[in-house]
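Notes follow the structure.
The values are calculated or read from the model by the stated rules, or taken from the named source; none is laboratory data. What you see is a predicted model, and the numbers here were worked out from it, not measured in a lab. Glycine also receives a Cβ, built like all others from the backbone with ideal geometry; neighbour counts cover every protein chain displayed.
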Amino acid sequence: MSETVISCLGVSKIFGPDPVAHLARLKADPQTSSVGYVQAVRDVDLDIQRGEMLVVMGLSGSGKSTLVRCLSRLIDITGGTVTIEGQDIATLSESALIDLRRRKMGMVFQSFGLLPHRTVLDNVAFPLEMRGQDRSTRYARAREMLELVGLKGREAYFPRELSGGQQQRVGIARSLAIEPDIWFLDEPFSALDPLIRREMQDEFLRLKGLLNKTIIFITHDFDEALRLADRIAIMKDGRIEQCDTPDQIVLHPATEYIAKFTAEIDRARVVRAGSLARQLSGAAEGEAVAATRTIRDLARLLVADRREVIPIADTEGKIIGGMNRQEALDVLLGEAT
Amino acid sequence: MTSPAARGIGMAGLLFALALCLALGKLILPEGLIRPPEWLVQPFADWINAAFYFLQNDLGLMSLTRAFSDVVEWLLDVTANLLYGKSRWPNIGPIPWIVIAVTAFMAGYALKGWRLAALSGGTFVWIALMGQWKWAMETLSVIVVAAPFSVFLGLLMGVLAWRSPRFERVLNPILNIAQSLPHFAYMIPVVVFIGVGPKAGAIVTIIFSVPPMIRMTLLGLKKVPEEVIEAGKMAGSTRWQLLTRVRIPTARSEILIGVNQVIMQCLAMVVLASFIGMPGLGQKLLQLLQSLKIGLSVEIGVTIVLLAVTLDRLSKAWALRLPEHGAPSAQWLQRNRLLVIWISLCAAGFVLAQLVPYLHEVERRQALSVAGPIDAAMDQVIRLIAPVTAWLRWFLITWVLIPMRDAYLWLPFTAVLALLAAVGWAVGGMRSALICLAYFGLIAMSGWWDRAMITVYMVSISVLIAALIGLPVGIWAACNPTRAARILLICDTAQTFPSFIYLIPVIMLFGVNDVAVVAAVVVFAAVPIVRYTIEGLCNVPPELVEAAEMSGANRRQTLWHVQLPMALPTMLVGANQSVMFSLFMVIIAAFIGTQDLGQEMQRALSSTDVGKGLVLGFAVAFMGLMTDHLISRWSDDRKRALGV
């Protein structure tokens, strides 16, 4: 496994008059009444690897936005530790925290969080201005970023003169201006129309391919999560119910709650051939299929093929196992596995 | 099930019955229950005087205020020199009027377009041609100095209050009282510390206009969306960067609305500061009104109104202007086209003014005047409608005003207190009852009960008449969106006029007596009622009206059962403002002859009796605060019940 960038250990966030004391009471006796307190995040353990894209999914009020704000210390946590590249961020002084944000972090917000009095160019250059970079360097960099998100020619516009999708592009450009290692996106597409959302997701996947970043992406939309994620953490009432790859979540939901979510999902679109691969007993016969293809992609082949077991190959073409055709057909037809 | 409200009504009923008994049984009541007895009246005025004496002489506050006022005076001299050529440093003024008119024109054009340009340019041309340049510039020079001071102080205190909730908690009640103290109450301490004259006028203007700026700054800073702040933090801003580059610029609109309010408050105060020897339009108007020169005072009145509307529109246009992108690659000349035009027009103005002295300064004998025709026309009109006004005056005085005043004065003070407690209890339970008792109890203890009752009578009759006029007008206007917009515009404009202006027409029509005062207050107080009635009715959700119509309600039923109940909380806000406005107006109107608190305040002003002046001021403020408490409480309860 590669190196861990962000690590959470027993992270809790409680809102209320005296959160620390309340957390201690809860630790001593979990049955303590929580009237007057909100347990937004409860005892979350999470490790995020370098270059990984983690989607945190949950309904509104499940604590996902609070969790991502704990990771960037926009809010201080009540219990546990958040470590970024080996450093406990709760111990950072204000200036060290500001420095960390200036060098390493970018964030995109649900309602864009653009500064209304600044032009698009000045908005994108804002983080660079905070770092104290001179005008021409920061404008050059901001122009580059705007070109990257496809807003060339709109530099002199003000945020209110742009559509929602364009505003979020500005938000994305701004968050990328300092070349962050860690990229937080808090429901970036939730405020957009469905068609624009789809377009922005494609755009996002394109950017993700261009940049090699650790990404924490928040959403309440399960389809979006399945579409984008390397790993999904599903939250409910402040806890992480399950944190796994999309295939595993769809094939093996850990709890009733997650099973309910996955019930409506067309599994064939999510499950990839690789996750159905079993150890081969004998030699593989015939042509292999790529592990990264979804069952839906393979539908024609699965119906037409006569083989009992279809060999699966990884990206280098090496055979990693075989897929039972009957099992794959069950997934395709949506029958219980 | 007995709800707390039902129990509240029960207790309120008891208190009301008590009030009724006290009133009916007046003949057998001991004297001590009819008027506040000697032992109850406290010498508040002496205490305040002692405190002021201490501040002034023993604490050395005098030198501090003198230092501050010297700075203000120096700035006043500079602007006075520039605007009307007072012989002080830098001795380069006066700037020709044509240059100032051109500047106003360009400012209007840059902020909004041709119409505002015509209004603001035209205002200054009118002032110059009518020969009122010097007075108007005297007034304006104070605003030019006072407004930036207020804006700066207000911004500073607003930021401090935002930073420290404790400071906000201390500041809030002070602001509440400050905003309900009548104008004159501010003047007396200033006269004690600074004396009379332009300097004192400027300082009282600064103090008077700070509170709205603090409020708007605080409001703006609190309204900045959380995500914008988080975006600032994630960009790695320090606290200072966050304040100066994220929070304050994002709160721009609210802060600029605050600037607009500061300017309007300044104008209102500068006009009134003529009572403490502030030269300018206000003083001229005061002199003319006192000698009943109607035509000339109308001319000045028009100038003040034009100036008010211009300043209001300019600053509002600035506040509401949304940023717009220009062509990115434009040349410097193209981007700053308006600036270049302005500079060249000013240069041309200077040159022209050298060649044609008329464009530099309009001499008194060159000035136009419409006073003669106005006087003649007014005489005609007055002769024509004199029977009506005379009858109205007679009817109001003999059948309404005097009986009402006598009734208010006849009431035992204990009956009034019991009645107020009953109202308080009905609206907000024991707490509100106690608040009402406390405010009016203090008024009783101040020893000015009779005067206060006269003020209460003037305010209540005026607000009543204002509501009788304002509600139907508001309902009529709200029927149709274009009409609503037009009437709202009129209300907006009327609200920018300094209150003093309203006295001109009523003196013209009714002469100098109670009817004139009531008429002025009625007009002034009807404006907020009309305005909030329209706003309340227009903001009723259309689905509700549609639902009522689909249930077969006719227009009257829809209005009565759906629109009015939904609009009530907003309309109550209007009623609240209306009471506040009429309190202020009654006090200002004192100089045309009433026997209420205002008249005593004028006396305190002329004898610079701080204690008495502040006691009277607080008495007025307490009436306002009590009404404010009752109405806001009621309105909040209604809002909660309606779930809006």
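Computed values, structure above
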{"quantity": "B:LEU296 vs. criteria at pLDDT 80 or above and either assigned to a helix (DSSP H, G or I) or within 13 Å of chain A (Cβ to nearest Cβ) (or both)", "calculated": "yes"}
{"quantity": "Residue in the range B:115-129 that is closer than 30 Å to B:SER297 by Cα, of a type in the set (Lys, Arg) and surrounded by 18 or more Cβ atoms within 10 Å (Cβ to Cβ) present", "calculated": "no"}
{"quantity": "Residue match in the range B:321-328 (condition: away from chain A (no Cβ under 14 Å) and under 26 Å from B:PHE124 (Cβ atoms))", "calculated": "no"}
{"quantity": "Test: residue in the range B:384-404 that is free of Cβ contacts under 8 Å to residues at least 60 places away in the same chain, part of a helix (DSSP H, G or I), in the same structural domain as B:SER578 (by TED's automatic domain parsing) and in contact with a helix residue (DSSP H, G or I) (Cβ under 8 Å, 6 or more places away or on another chain)", "calculated": "yes"}
{"quantity": "Criterion: at pLDDT below 90, outside any helix (DSSP H, G or I) and surrounded by 14 or more Cβ atoms within 10 Å (Cβ to Cβ) - qualifying residue of B:PRO323, B:PRO328", "calculated": "B:PRO323"}
{"quantity": "Selected residue (criterion: farthest from the other protein chains (Cβ to nearest Cβ)) from residues of the range A:64-82 that are among the charged types (D, E, K, R) and in a helix (DSSP H, G or I)", "calculated": "A:LYS64"}
{"quantity": "B:VAL246 being surrounded by 22 or more Cβ atoms within 10 Å (Cβ to Cβ) and under 28 Å from A:MET105 (Cα atoms)", "calculated": "yes"}
{"quantity": "When residues of the range A:83-107 are limited to those that are farther than 23 Å from A:THR4 by Cβ and not hydroxyl-bearing (Ser, Thr, Tyr), the one nearest to the other protein chains (Cβ to nearest Cβ)", "calculated": "A:ILE98"}
{"quantity": "The range A:1-36 - residue that is part of a loop (DSSP other than H, G, I, E, B) and within 28 Å of the chain's Cα centre (by Cα) and, of those, surrounded by the fewest Cβ atoms within 10 Å (Cβ to Cβ)", "calculated": "A:MET1"}
{"quantity": "Filter result (of a type in the set (Gly, Ala, Ser) and either in contact with a Pro (Cβ under 7 Å, 6 or more places away or on another chain) or facing another protein chain (nearest Cβ under 8 Å) (or both)) within the range B:233-254", "calculated": "B:ALA235, B:GLY236, B:SER237"}
{"quantity": "Candidate set: the range B:419-430, residues that are under 29 Å from the mean Cα position of the chain (by Cα) and of a type outside the set (A, V, I, L, M); chosen: the one surrounded by the most Cβ atoms within 10 Å (Cβ to Cβ)", "calculated": "B:GLY424"}
{"quantity": "Qualifying position, being in contact (Cβ under 8 Å) with a residue 24 or more places away in the chain, crowded, with 24+ Cβ neighbours inside 10 Å and within 14 Å of another protein chain (Cβ to nearest Cβ), among A:LEU176, A:LEU185, A:LEU151, A:LEU162", "calculated": "A:LEU185"}
{"quantity": "Qualifying residue in the range B:188-200 (condition: touching a Lys or Arg at 6+ places or on another chain (Cβ under 9 Å), within 14 Å of another protein chain (Cβ to nearest Cβ), in contact (Cβ under 8 Å) with a residue 12 or more places away in the chain and farther than 19 Å from B:MET580 by Cβ)", "calculated": "no"}
{"quantity": "Count of residues meeting criterion [outside the structural domain of B:VAL515 (by TED's automatic domain parsing) and without any contact (Cβ under 8 Å) to a residue 40 or more places away in the chain] in the range B:439-492", "calculated": "1"}
{"quantity": "Of the criteria (1) more than 22 Å from the chain's Cα centre (by Cα); (2) at pLDDT 90 or above, which one B:LEU625 fails", "calculated": "(1)"}
{"quantity": "In the range A:288-325, residue farthest from A:PRO246 (Cα to Cα) [restricted to those that are free of Cβ contacts under 8 Å to residues at least 12 places away in the same chain and more than 29 Å from the chain's Cα centre (by Cα)]", "calculated": "A:ARG306"}
{"quantity": "Single condition A:GLU241 does not satisfy, out of (1) touching a Phe, Trp or Tyr at 6+ places or on another chain (Cβ under 7 Å); (2) in contact (Cβ under 8 Å) with a residue 24 or more places away in the chain", "calculated": "(2)"}
{"quantity": "Enumeration of residues in the range A:110-131 that are more than 7 Å from every other protein chain (Cβ to nearest Cβ) and either among the acidic types (Asp, Glu) or closer than 25 Å to A:SER95 by Cα (or both)", "calculated": "A:LEU114, A:ASP122, A:ASN123, A:VAL124, A:ALA125, A:LEU128, A:GLU129"}
{"quantity": "Flag if B:ILE257 is aliphatic (A, V, I, L, M), part of a helix (DSSP H, G or I), more than 12 Å from every other protein chain (Cβ to nearest Cβ) and within 22 Å of B:VAL506 (Cα to Cα)", "calculated": "no"}
{"quantity": "Boolean, B:ALA621 is over 21 Å from B:GLN577 (Cβ atoms), of a type in the set (A, V, I, L, M) and out of contact with any Cys (no Cβ under 9 Å at 6 or more places or on another chain)", "calculated": "no"}
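Okay, residues lined up against (1) in contact with a Leu (Cβ under 8 Å, 6 or more places away or on another chain); (2) part of a strand (DSSP E or B):
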| position | (1), (2) |
| --- | --- |
| A:ARG296 | yes, no |
| A:LEU302 | yes, no |
| A:ARG306 | no, no |
| A:PRO311 | yes, yes |
| A:GLU316 | no, no |
| A:GLY321 | yes, yes |
| A:GLN326 | no, no |
| A:LEU329 | yes, no |
| A:LEU332 | yes, no |
